[in-house]
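Asker: Quick one: the structure is below, questions incoming.
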Amino acid sequence: MSHARLLLPKPKSSSPSAWRTGPRAWGARCALLLASVSALATSRPTSRDVQAEEYVGAPFSLSTQTAKATRRVLVRATASKPLTRSAEGDAALHVVARWTPSDPSLPERPWFRISLHSDTPFPPMGDPVVLGNPGEPVVLEAGTPLFGECLVDGACEWPLAVDFEVQGNVAPGVVEVEWSVTAQAHVVDTDDLPKAFAVEISEP
Amino acid sequence: MNASASLPLARLAALALLVTGCPSRDNGWVEAATPPEATVLTASEPRVQRRVQVRAAPEPGEKLEFSMLNLGIETTRLAWSLPDGNIPQVHPWLRVRVFDERDERLVKEHVLVFDRPEPTLPWPLSFGPDLPKPLREFEATYRIEFERQGPPSEGTIQVDWRLEGSALTPYPDMKHLQLTLTPL
């Protein structure tokens, strides 16, 4: 699972949603809320979340000729003793993209999209955004849950792929990409946080 | 009880409070919509703007407040027409943006790429507004901007749409609240 979105300016209260607007939609939302209450009432205990230090990837340029790029990161949860219980959490991708056309007099602006996901053969891609005028930053965010069997040699590991794609077949140019990943995780089936529990992000 | 153990209980309490705000048989919905419109965009004229005034208020003599107001763009058809019928290499993007003219804030943005003549319709693009507390009156003007990719993309893009709104009143018969969406 993955989602990506353009970062809109935050409203004073909460952010706008893409849900339906009618009474039926509110009925569905309330049904979901009730289901959430039931699920929480029977949910498994978990430790508190531990945040990883933000991983800042090397900036790079993506041309409209190349169109696609992938980076891989590894999120790893460890403790002073080997983990015996599984962990879970979530990871978030933050991207700043700037369009630099080869010929700045051309008004063309291509679409651009990102995705953060477990390494799968058919990765989901987020919604595209339209890049801004030359040099203008566009901010995007994407996220993915960290769950499933993760225990490897006493640690929990989640290999993730970070995909970037720009529209090809348009005027030549490059997208200057700055990106970073954050993550947090907790241990399941216990309230107690294992000693020296830590989460770290690296490029394998 | 430690802090981590009390967290699910806190979430449970918060959700229970939210659930009490759900509509019941004692509430009623008031709905309104603008007339359907077909907006046509070409590569040479790639942008169209529309303004809609939204007003929700009690009928004269009523003193009720409303706690939920939902607005969204309902798209009934998206079509990309090409002169020779063949899909060219450049698949044009279509961007829909909604601005709240009270503070010029961008409240909604959605982009889709035409990779076929009639792509899947997006969800109705909901843009709130979030009401911090029950209100007696709400009035705002929204600017809706449709923009498509210019050259070298080709063809004509048509968007059939209307703006929809609904408000929740504390009465089941819905006649106490007026909701109007007026194209300007």
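The values are calculated or read from the model by the stated rules, or taken from the named source; none is laboratory data. All figures in this text were calculated on a predicted structure; none of them were measured in a lab. Virtual Cβ from ideal backbone geometry, glycine too; neighbours counted across all protein chains shown.
Conditions (1) more than 9 Å from chain A (Cβ to nearest Cβ); (2) modelled with pLDDT of 90 or more; (3) farther than 30 Å from B:GLY61 by Cα, marked per residue:
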{"residue": "B:LYS108", "(1), (2), (3)": "no, yes, yes"}
{"residue": "B:GLY128", "(1), (2), (3)": "no, no, no"}
{"residue": "B:GLN158", "(1), (2), (3)": "yes, yes, yes"}
{"residue": "B:PRO170", "(1), (2), (3)": "yes, no, no"}
{"residue": "B:LYS175", "(1), (2), (3)": "yes, no, no"}
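Asker: Here is a further query. Taking the criterion of being surrounded by 15 or more Cβ atoms within 10 Å (Cβ to Cβ) and under 30 Å from A:ARG48 (Cα atoms), would at least one residue in the stretch A:99-110 satisfy it?
Answerer: Looking for residues that are surrounded by 15 or more Cβ atoms within 10 Å (Cβ to Cβ) and under 30 Å from A:ARG48 (Cα atoms), one finds none in the stretch A:99-110, hence no.
Asker: Same structure, new question: Do you know which of the residues in the stretch B:130-152 that are more than 21 Å from A:GLY132 (Cβ to Cβ) and among the acidic types (Asp, Glu) is nearest to the other protein chains (Cβ to nearest Cβ)?
Answerer: B:ASP130
Asker: Oh, and also: Can you find a residue that is modelled with pLDDT of 90 or more and out of contact with any strand residue (DSSP E or B) (no Cβ under 6 Å at 6 or more places or on another chain) anywhere in the stretch B:136-149?
Answerer: The answer is no, given that none of the residues of the stretch B:136-149 is modelled with pLDDT of 90 or more and out of contact with any strand residue (DSSP E or B) (no Cβ under 6 Å at 6 or more places or on another chain).
Asker: Now a separate question. Scan the stretch A:90-112 for residues that are within 14 Å of chain B (Cβ to nearest Cβ), part of a strand (DSSP E or B) and either at pLDDT 95 or above or touching a Leu at 6+ places or on another chain (Cβ under 8 Å) (or both) and report the count.
Answerer: Of the residues in that region, 4 qualify.
Asker: Would you check which residues across the stretch A:130-167 are among the charged types (D, E, K, R) and within 20 Å of A:PRO82 (Cβ to Cβ) and list them?
Answerer: Passing the criteria: A:GLU149, A:ASP153, A:GLU157.
Asker: Sticking with this one: All but one of (1) more than 14 Å from chain A (Cβ to nearest Cβ); (2) more than 15 Å from the chain's Cα centre (by Cα); (3) surrounded by fewer than 13 Cβ atoms within 10 Å (Cβ to Cβ); (4) within 25 Å of B:PHE138 (Cα to Cα) hold for B:ALA38; state the number of the condition that does not hold.
Answerer: With (1) more than 14 Å from chain A (Cβ to nearest Cβ); (2) more than 15 Å from the chain's Cα centre (by Cα); (3) surrounded by fewer than 13 Cβ atoms within 10 Å (Cβ to Cβ); (4) within 25 Å of B:PHE138 (Cα to Cα) applied to B:ALA38, the lone miss is (4).
Asker: If you don't mind, another one. Out of the residues in the stretch A:122-138 meeting the condition of being under 17 Å from the mean Cα position of the chain (by Cα) and not in a loop (DSSP other than H, G, I, E, B), tell me which one is surrounded by the fewest Cβ atoms within 10 Å (Cβ to Cβ).
Answerer: The extreme case among them is A:VAL138.
Asker: All but one of (1) under 21 Å from the mean Cα position of the chain (by Cα); (2) farther than 30 Å from A:LEU62 by Cα; (3) surrounded by fewer than 17 Cβ atoms within 10 Å (Cβ to Cβ) hold for A:LYS195, so report the exception by its number.
Answerer: (1)
Asker: Return yes when B:LEU106 is under 19 Å from B:PRO122 (Cβ atoms) and surrounded by fewer than 19 Cβ atoms within 10 Å (Cβ to Cβ) and no when it is not.
Answerer: The answer is yes for B:LEU106.
Asker: Hey, another quick one. Quick one: would you say B:ARG162 is surrounded by fewer than 19 Cβ atoms within 10 Å (Cβ to Cβ) and more than 14 Å from every other protein chain (Cβ to nearest Cβ)?
Answerer: No; evaluated as a whole, the condition is false for this residue.
Asker: Could you list, in sequence order, the residues of the stretch B:68-87 that are more than 24 Å from B:LEU163 (Cβ to Cβ) and away from every other protein chain (no Cβ under 14 Å)?
Answerer: B:SER81, B:LEU82, B:PRO83, B:ASP84, B:GLY85, B:ASN86
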